[in-house]
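Engineer: The structure's right below; bear with me while I get my questions together.
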Amino acid sequence: MSEKKEIKVVFGDITKNNYNQLKQLNNLYLPVRYSDGFYYRIMKHLRYGRFAYYNDIIVGAITWKYDHCEETKEKNVYIMTINVLEAYQRNKIGSQLLQELIKLHKDMKEINYINLHVQESNEIARKFYLSAGFEEVKKIENYYTDVEPKGAYYLRYKLHEPQEKK
């Protein structure tokens, strides 16, 4: 397989007018089917997301929510989904989506980490995140209920050192 070149993308919001494209993208590439409530929360800004556009075509997307870390109870970013259309994969679009998320949060001192879970069989995604600077915190057996295998890796990316509590 020949190495593809990086395609520069621009980013746009996910809105009530275009959320169906996110739904189609997720249904194409993810083993989990998200409920209408997932998309409703994005439209109502209870969850968040960004599209990646190339020549005015949606070629990828990332979604996240704000969460509290299990260990520290501090506010963190939790990546829910990240997808790139197959024809545009290996063009560093996923990396650009991830960098966009990091850029959006790097100055938010109250957020120390970006977290996510990767299905244990998804070695490509695991390597992608590790190469982007994420660390593997632990493996969780039986994390998923509706997909096989059920195990997942819990990964995190450090944005800042945790603030001292006073």
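Engineer: So residue 8 ticks every box in (1) of a type in the set (Lys, Arg); (2) under 21 Å from residue 109 (Cα atoms); (3) out of contact with any Asp or Glu (no Cβ under 8 Å at 6 or more places or on another chain) but one. Which box is left unticked?
Structural biologist: (2)
Engineer: Can you tell me which residue within region 15-38, out of those that are assigned to a loop (DSSP other than H, G, I, E, B) and farther than 21 Å from residue 87 by Cβ, is modelled with the lowest pLDDT? Give the steps one after another, and end with the answer.
Structural biologist: Pass one, region 15-38, residues assigned to a loop (DSSP other than H, G, I, E, B): 15-18, 30-35.
Right, trim to farther than 21 Å from residue 87 by Cβ and you get 15-17, 32-35.
Values: 15: 90, 16: 88, 17: 91, 32: 81, 33: 86, 34: 91, 35: 92.
Top of the filtered list is 32.
Engineer: Another question, if that's okay. Only one of these is charged (D, E, K, R), in contact with a helix residue (DSSP H, G or I) (Cβ under 8 Å, 6 or more places away or on another chain) and under 23 Å from residue 118 (Cα atoms): 33, 41. Name it. So that I can check it myself, show each step before the final result.
Structural biologist: Values: 41 fails: in contact with a helix residue (DSSP H, G or I) (Cβ under 8 Å, 6 or more places away or on another chain).
After ruling out the rest, the residue left standing is 33.
Engineer: While we're here: Do we find a residue being exposed (fewer than 15 other Cβ atoms within 10 Å of the Cβ), outside any helix (DSSP H, G or I) and either of a type outside the set (Phe, Trp, Tyr) or over 16 Å from the mean Cα position of the chain (by Cα) (or both) anywhere in region 58-65?
Structural biologist: No; the residues of region 58-65 include none that is exposed (fewer than 15 other Cβ atoms within 10 Å of the Cβ), outside any helix (DSSP H, G or I) and either of a type outside the set (Phe, Trp, Tyr) or over 16 Å from the mean Cα position of the chain (by Cα) (or both).
Engineer: Filtering region 93-119 down to residues that are assigned to a loop (DSSP other than H, G, I, E, B) and either at pLDDT 95 or above or aliphatic (A, V, I, L, M) (or both), which residue is nearest to the chain's Cα centre (by Cα)?
Structural biologist: It comes out as 111.
Engineer: If residue 153 satisfies every condition in (1) surrounded by fewer than 17 Cβ atoms within 10 Å (Cβ to Cβ); (2) assigned to a strand (DSSP E or B); (3) not charged (D, E, K, R) but one, which is the exception?
Structural biologist: (1)
The values are calculated or read from the model by the stated rules, or taken from the named source; none is laboratory data. Since this is a predicted model, take the numbers as computed values, not measurements. Ideal geometry is used to build each Cβ from the backbone, glycine not excepted, and the neighbour counts take in all protein chains shown.
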